[in-house]
Amino acid sequence: MTMNTYMQEYTIQLRQKIQLTHNMISLVFEKPADFEFTAGQFVQFLVPDGEKVVPRAYSICSTPSDNELHFCVKLLENGKASTLFAAMTDGDSAIIRGPRGNFVSTASSPLYFVATGAGIAPIMSILQDELIHKKTDTELYLLFGVHDESDLFWQQRLDDLTNTYNNFSFNTTVSQPQSQEWRGLNGRVTDHLDNHSNGHQFFICGNPDMVKDVRNILLESGVEKTQIHFEIF
């Protein structure tokens, strides 16, 4: 995530914390009246660390039209921000700076999203903004990857979007399925990049290795660099 030299600070209050998986939570904060952002952008949480604070970047997964700020957070063992978020309860406050980031959609061409884990956060913001608020009729496709079934979340939310909007579709792939009952795709996201065209704009978000591999596959297939947008988590 690209940082900047100056970002306005806001104090935000936690309204709700939702457990999504064994190590993933959703945080819902009140949205300051003067806070504006573009779908796909991130903020920095200022996390106390002794006598200083350290910035930690998290993408917003709600839309600019929403009255709240939603974040999808993977809890890391001994992580400074993870420790803060795990201890927070409704009504607690946090300080953020921002927004910042260029992982935003400005094109009118079809959009192809690839995400793993918490990397779906900014993509969910863009998807919902395009479908619900901008009411785009452009084709939108999401390929979402997780390690195993215990890491799945937001599947019903994505199903609801596909049932409501004919121009949106998605697939979920599990790299290490633990049950014969899993009915989605198997393998990594790099195994399922065969339904794209050079007319798409690509948005990739997740761990560095995945982003690098997907980007290389797209470039080797003839996609131009200018069509590929990525954010590393």
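The values are calculated or read from the model by the stated rules, or taken from the named source; none is laboratory data. If you're wondering where the values come from, they're calculated on a predicted model, not measured in any experiment. Neighbour counts are summed over all protein chains in view; Cβ atoms, including those assigned to glycine, are modelled from backbone coordinates with ideal geometry.
Quick notes on this one:
- Note on the stretch 132-141: residues that are out of contact with any strand residue (DSSP E or B) (no Cβ under 6 Å at 6 or more places or on another chain) and in contact (Cβ under 8 Å) with a residue 12 or more places away in the chain total 6.
- Listed by first and then second residue, the pairs linking a residue in the stretch 6-29 that is free of Cβ contacts under 8 Å to residues at least 60 places away in the same chain and under 23 Å from VAL53 (Cα atoms) to a residue that is β-branched (Val, Ile, Thr) and loosely packed, with under 15 Cβ neighbours inside 10 Å, with Cβ atoms under 8 Å apart and 6 or more places separating them unless they lie on different chains, are SER26/ILE18; VAL28/ILE18.
- Residue match in the stretch 105-114 (condition: under 14 Å from PHE233 (Cα atoms) and either β-branched (Val, Ile, Thr) or out of contact with any Ser or Thr (no Cβ under 6 Å at 6 or more places or on another chain) (or both)): yes
- Check on ASP92, surrounded by fewer than 16 Cβ atoms within 10 Å (Cβ to Cβ) and not assigned by TED's automatic domain parsing to the domain that holds GLY199: yes
- When residues of the stretch 152-193 are limited to those that are charged (D, E, K, R) and part of a loop (DSSP other than H, G, I, E, B), the one nearest to SER125 (Cα to Cα): ARG188
- Yes/no for ALA81 being at negative phi and modelled with pLDDT of 95 or more: yes
- Residue match in the stretch 217-232 (condition: more than 16 Å from the chain's Cα centre (by Cα), on the phi > 0 side of the Ramachandran plot and at pLDDT 90 or above): yes
- Note on the stretch 45-78: residues that are in contact with a helix residue (DSSP H, G or I) (Cβ under 9 Å, 6 or more places away or on another chain) and not in a strand (DSSP E or B) amount to 8.
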